[in-house]
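What follows is calculated from the coordinates using simple rules that are stated; it is not laboratory data. On a predicted model such as this, the values are computed, not experimentally measured, just so you know. A quick note on method: Cβ atoms are made from the backbone with ideal geometry, for glycine too, and the neighbour counts reach across all protein chains shown.
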Amino acid sequence: MAFIRSVIRGVGAHLPKRILSNDDLARLVDTSDAWIRERTGIVQRHIAEEGELTSDLGIAAARQALVRAAIDPIDIDLVVCATSTPDRTFPATAVRIQSGLGVSKGAAFDVQAVCSGFVYALSIADNFLKAGQFKRAVVVGAETFSRILDWKDRSTCVLFGDGAGAVVLEAQAQHGNREERGILATRIRSDGRFEELLYVDGGPGSTKTTGHLRMNGREVFRHAVQKISGVIEETLVMTGYAPDEIDLYVPHQANKRILDGIAQRLGIRPDKVVYTLAKHGNTSAASIPLALNQALEDHRLTEGRLVLMEAMGGGLTWGAALARW
Ligand code: UT7
């Protein structure tokens, strides 16, 4: 039987035009540019305009990824969208992205794992491709978190931003050695005992409203370094790589102190870390593909690189993925 691996053929991203700076926020709530920079590393974030939907951002990101992959949308048979801010309660935002791309075959669905959504979606798509059920997938992380923020709560509204990123995966027959391109391993985890640390206090089945994001930041922070480091270590054991062999570390962008803590704990050199927090804030499921896109445009993401991705978010959910670019 042929060995199949999901090769990442293209990356794309899209950010709303409107920028909200820390100083802009200081006019809305009792905060300061200095506090936000020092505690998080965030300087600004992009905010979607009225009527600019999660699917609009996702479609733009996916189109760019397809162009860069030189793959015709009609050859896509799977669209997976990671989002916690869908356009509608149903259908899935992925279905809107699918039709926006002009795709009408295969399947499209959303994945709900909050900030870990992209790692979950990548893992699911990778497994479908490896099983031979689909050939080419678009995996999107797209969010408009500005719509679920409590703009009076300084402890959360300063952290998040809107945006989308996407990758195109293609199933390729290989020999199965770890030097070949593609996704080498993914690991996803969750523990619902920690739901109350990070959640949205509304929903169609409970309050019949959308609700607002609520977070015990200090507690989430406490879990982050330990849980993420653990799942990265599992991923490295699965593939037989050591942390110093990682060429590029592309983490979910929640807080610069978390990223630095993990890199330090695992012994990943600071020059290998991709930071987009300053410009994007925390864009939840969109942050990893947005960071991949940034690394690509900075000429840091080149063929053959060993790329580590990781995230943790509401649920709690967390996960990691290792890919040879
Ligand atoms: O992506 C999903 C996962 N999310 C995360 O990983 C987020 C994890 N958590 C964090 O990044 C950090 O906990 C935060 C950035 C949310 C908060 O940083 P912190 O260093 O943990 O601050 P804190 O919550 O312990 O608050 C310290 C102080 C408090 O004042 P007192 O009680 O010490 O007087 C807060 O009221 O900072 C205050 N504070 C603020 N001050 C100015 C909280 N938010 C703000 C603010 N501006 N925006």
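Could you line up Trp151, Trp325 from fewest to most neighbouring Cβ atoms inside 10 Å?
Starting with the residue having the fewest Cβ neighbours, the order is Trp151, Trp325.
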Treating only Lys and Arg (+1) and Asp and Glu (-1) as charged, each at its beta carbon, one finds that the chain has a dipole about its Cα centre, in Debye to the nearest 20, of 200
Ordering 37-43, 285-291 by per-residue average of other C-beta atoms within 10 angstrom, highest first, gives 285-291, 37-43
Long-range alpha-carbon pairs in the chain, meaning those over 30 Å apart, account in percent for 28
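What helices in the chain pass both tests, a Cα length along the helix axis of 24 Å or more and a mean Kyte hydropathy of -0.5 or higher, using whole DSSP H runs? Don't skip to the end; give the middle numbers.
Values: long enough: 217-239 (33 Å, 0.13).
TM-like helix candidates: 217-239.
Over the chain, what is the relative contact order in whole percent, taking alpha-carbon pairs under 8 Å and six or more residues apart? Each step should come with its number before you reach the end.
On the way: 825 pairs, mean separation 83.0, N = 325.
The normalised contact order for the chain reaches 26 percent.
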Relative to the compact-globule estimate 2.2 N^0.38 Å (N residues), the Cα gyration radius of the stretch 182-324 stands at a ratio of 1.08
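Per the Kirkwood treatment, what hydrodynamic radius in Å, one decimal, follows for the stretch 48-120 from the mean inverse distance over all distinct Cα pairs?
Averaging 1/r across every pair of different Cα atoms and inverting gives 12.5 Å.
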Using alpha carbon centers only, the stretch 1-56 is separated from the stretch 241-277 by a whole-angstrom value of 19
With +1 at each Lys and Arg Cβ and -1 at each Asp and Glu Cβ, the charge dipole magnitude of the stretch 182-324 around its Cα centre, to the nearest 20 debye, comes out at 300
As a percent rounded to 5, the proportion of antiparallel DSSP bridges among beta bridges in the chain is 75
Long-range alpha-carbon pairs in the stretch 270-325, meaning those over 18 Å apart, account in percent for 34
Footprinting proxy, Asp298, Asp87, Asp110: sorted fewest to most Cβ within 10 Å, the residues are Asp298, Asp87, Asp110
For the stretch 261-300, the charge dipole (Cβ of Lys, Arg +1; Cβ of Asp, Glu -1; about the Cα centre) points to a positive end, and the Cα of Leu277, Leu296, Gly267 closest to that extreme belongs to Gly267
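Would you mind calculating the gained length between Asp298 and Gln112 on full extension (0.36 nm times residue separation, minus the Cα-Cα distance), in nm to one decimal? Write out the running numbers ahead of the final one.
Values: separation 186, 0.36 × 186 = 66.96 nm, distance 3.01 nm.
Extra length available between Asp298 and Gln112 comes to 64.0 nm.
State which entries of Lys105/Lys279; Lys135/Lys208; Lys17/Lys256 exceed 28 angstrom in Cα-Cα distance in the structure shown.
Details: Lys105/Lys279 36 Å; Lys135/Lys208 39 Å; Lys17/Lys256 24 Å.
Beyond 28 Å: Lys105/Lys279; Lys135/Lys208.
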Scoring the stretch 182-324 by relative contact order with C-alpha pairs under 8 Å, at least six apart, yields a percentage of 37
Shape call for the stretch 47-87, from the Cα gyration tensor axes a ≥ b ≥ c (a/c under 1.5 means rounded, otherwise prolate when a/b beats b/c, else oblate), comes out prolate
Residue-normalised 222 nm signal for the chain, counting each DSSP H run of n ≥ 4 as -39,500 (n - 2.57), nearest 500 deg cm²/dmol, is -9500 deg cm²/dmol
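Out of all DSSP beta bridges with both ends in the stretch 77-205, state the antiparallel percent to the nearest 5.
Once the DSSP bridges in the stretch 77-205 are tallied, antiparallel ones form about 45 percent.
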Unit-weight point scatterers at every alpha-carbon of the stretch 1-141, Debye formula, q = 0.12, 0.18, 0.22 1/Å: log10 I(q)/I(0) is -0.56, -1.01, -1.32
For Asn216 and Asp150, extending 7 Å from Cα along the Cα-Cβ vector and measuring point to point gives, in nm, a value of 1.5
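Pick out, in residue order, every one of the GluC sites (Glu not before Pro) in the stretch 93-194 that is DSSP loop and has at most 12 other C-beta atoms within 10 Å; say none if there are none. Walk me through the intermediate numbers first.
Working: sites: Glu143, Glu170, Glu179, Glu180; in loops: Glu179, Glu180.
Counting only loop positions with at most 12 other Cβ atoms within 10 Å, the GluC sites (Glu not before Pro) in the stretch 93-194 are Glu179.
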